[in-house]
Amino acid sequence: MTVTAALVKELRERTGAGMMECKKALVAAEGDIESAIETMRKSGQAKAAKKSGRIAAEGAIVVRVSDDNKNAIMVEINSETDFVSRDDSFKAFSDQVATTILQERLANLEDLAALKAAGSDQTIDEVRLALVAKIGENIQVRRFVEITSNSAIACYTHGERIGVLVGVSVDDTELARDIAMHIAASNPQVIHPDQVDQDMLAKEKAIFVAQAQDSGKPDEIIEKMVGGRLKKFLNEVSLVGQPFVKDPDTTVGKLLAAKKAEVTAFERFEVGEGIEKKV
């Protein structure tokens, strides 16, 4: 069978592969387009496996809230370059993953990978592999999280690099959104000071003690200095102790108290955090 330009065009549209790759596959398959597609999918998966070891520290954070505003999810999807993260195909895949997670109650990434992607007869991982073959970069679904609330939930994204989910104890979506914006900007580690990890606190205290002892002041003064620095540290890393970004004259804790509200849960993702990037 003759390999026509129209056949190459059709294969390219169906696979997203380059023109030369499509022509070579059709020649090898003697013009059988279905056979060519099968061969290209196999080779595409092989290419994806080779790319899976490459560092993917760029990408996007995608958030979704259920129609009843009681359930919200957030997912980080990584690519190797920020150029690819702006690609329409990457964005479509990210939306597909987020929609699938919101529709299902999932325990881990392995469960997600095996699920049929929203609006597709392929699994999430099959769609991902096809995208890797098309784009030529390692693409990974790195992590996702879900929160629920019987009151209000808000999600916020700063561009596509920072995402936040927040649940509050009162039915006040504006308050929840304000808190989400604050978390995106100020990056608290916990809600309340008493939730700070004790090992982290002990390390900070040891540093403060060493710094204070270098001052040569009496022990009772050193104790007060250390106490003051620890209190400041706890306020800096806890949500309720931080100055509210929209009104630095008050703290988030005072804002919540005025609204008779509490933050029940929050999650903050930033693209690539904790991933060692190659320079």
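The values are calculated or read from the model by the stated rules, or taken from the named source; none is laboratory data. Note that the structure is predicted; figures quoted are calculated from it, not measured. Cβ atoms come from the backbone with ideal geometry, glycine included; neighbour counts cover every protein chain shown. Surface accessibility is based on the protein's heavy atoms, side chains included, excluding ligands, DNA and RNA. Shrake-Rupley method; radii C 1.70, N 1.55, O 1.52, S 1.80 Å.
For this structure, a couple of remarks:
- Förster-model FRET efficiency, 51 Å R0, Lys205 and Lys116, C-beta, rounded to 0.05: 0.50
- Choice from Ser149, Ser89, Ser35 showing the highest fluctuation, given a GNM over the chain with Cα pairs closer than 10 Å: Ser35
- The order of His158, His182, His192 by accessible area, most exposed first and with a 1.4 Å probe, is His158, His192, His182.
- The residues of the stretch 94-210 present an accessible area of 49 Å² per residue when probed at 1.4 Å with all protein chains retained.
- Answer label, with mean projected area of the Cα convex hull in nm² calculated from the coordinates and candidates [x] 19.5; [y] 15.7; [z] 16.8: [x]
- Placing a pseudo-label 7 Å from each Cα along the Cα-to-Cβ vector at Glu220 and Arg105 gives an inter-label distance of 5.9 nm.
- Considering only Gly241, Gly216, Gly59, the mean-square fluctuation computed in a Gaussian network model of the chain, springs between alpha carbons under 10 angstrom, is largest for Gly216.
- Principal axis extents of the Cα atoms in the stretch 139-197, from largest to smallest and rounded to whole angstrom, are 39, 28, 21.
- A 1.4 Å probe, protein heavy atoms only, puts the accessible area of Lys205 near 100 Å².
- Accessible surface of the chain [probe 1.4 Å, protein heavy atoms]: carbon and sulfur percent: 49
- For Thr251, residues with placed amide H under 5 Å, excluding near neighbours: Phe244
- Highest-MSF residue in the chain out of Val196, Val168, Val252 [GNM, Cα springs under 10 Å]: Val196
- Amide hydrogen proximity for Ala118: with H placed 1.01 Å from N in the peptide plane, the residues at 5 or more positions away or on another chain lying under 5 Å are Thr100.
- By the combined test of axial Cα extent (at least 20 Å) and Kyte-Doolittle hydropathy (mean at least -1.0), the qualifying DSSP H helices of the chain come to 33-51, 88-103, 198-213, 219-237.
- Leu234 accessible area, 1.4 Å probe, all protein chains in place, Å² to nearest 10: 40
- Links that overshoot a 23 Å alpha carbon limit, given the list Lys224/Lys259; Lys224/Lys254; Lys91/Lys134; Lys205/Lys232: Lys224/Lys259; Lys224/Lys254
- Helical runs assigned H by DSSP (4 residues or longer) give the chain a calculated mean residue ellipticity at 222 nm of -15000 deg cm²/dmol, each run adding -39500 (n - 2.57) before division by the residue total.
- Other-chain or far-sequence residues with amide H under 5 Å of Asn187's (modelled H): none
- Here the extension length gained between Lys260 and Thr148 equals 38.4 nm, from 0.36 nm per residue of separation less the Cα-Cα distance.
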